[in-house]
1. Within the range 1-16, does at least one residue satisfy the condition of being in contact with a Phe, Trp or Tyr (Cβ under 8 Å, 6 or more places away or on another chain) and of a type in the set (G, A, S)?
2. Just the residues that are charged (D, E, K, R) and either touching a strand residue (DSSP E or B) at 6+ places or on another chain (Cβ under 6 Å) or touching a residue at least 12 places away in the same chain (Cβ under 8 Å) (or both), please, taken from the range 3-25.
3. Of all the residues that make up the range 15-33, how many are in contact with a helix residue (DSSP H, G or I) (Cβ under 7 Å, 6 or more places away or on another chain), surrounded by fewer than 17 Cβ atoms within 10 Å (Cβ to Cβ) and either farther than 19 Å from C58 by Cβ or not aromatic (F, W, Y) (or both)?
4. Does the range 26-48 hold any residues that are of a type in the set (A, V, I, L, M, F, W, C) and in contact (Cβ under 8 Å) with a residue 40 or more places away in the chain, and which are they?
5. Could you grab me the full set of residues in the range 34-56 that are of a type in the set (G, A, S) and crowded, with 16+ Cβ neighbours inside 10 Å?
Amino acid sequence: MEIRNKFRILLAQKEVRDGRSYTYDDIMQETGVSRATIASYMTGDVTRYDGKTIKSFCDWFDCELSELLEYPPVMRQQDATGLMPVSA
């Protein structure tokens with residue numbers, strides 16, 4: 001499984017809350033994060049999660065880390081009895 005970012009969702013919520021649209025330039029000026037990094041978050045193509053960038057986004061969105069990034073737990077398959085298989 002991979003880390004998923006919810007940047008686009010948070011941006012849409014912020015735009016509704018603030019009653020305006022934000023351009024990459026707006027976000028760049030207000031967060032200090034580069035256009036390329038913002039674009040990577042927007043498209044879901046982030047390959048490196050930098051602490052400073054994450055903090056800037058969390059501050060800007062006024063959100064917790066778990067609202068910005070999601071790492072789904074690995075789902076184990078159940079056998080026909082509905083019980084988890086036991087590893088030897």
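We did not get these values from a lab; they are worked out from the coordinates using the rules stated. Just so you know, these numbers come straight off a predicted model, no measurement behind them. Cβ coordinates were reconstructed from backbone atoms using ideal geometry, including for glycine residues, and neighbour counts include every protein chain displayed.
1. No, that holds for no residue.
2. Step one: list which residues in the range 3-25 are charged (D, E, K, R), which gives 4, 6, 8, 14-15, 17-18, 20, 25.
R4, K6, R8, K14, listed by residue number.
3. The qualifying residues number 4.
4. Step one: list which residues in the range 26-48 are of a type in the set (A, V, I, L, M, F, W, C), which gives 27-28, 33, 36, 38-39, 42, 46.
Passing the criteria: only V46.
5. If we filter the range 34-56 for residues that are of a type in the set (G, A, S), which is where we start, we get 34, 36, 39-40, 44, 51, 56.
Once the filter is applied, which keeps residues that are of a type in the set (G, A, S) and crowded, with 16+ Cβ neighbours inside 10 Å, the range 34-56 yields S40, S56.
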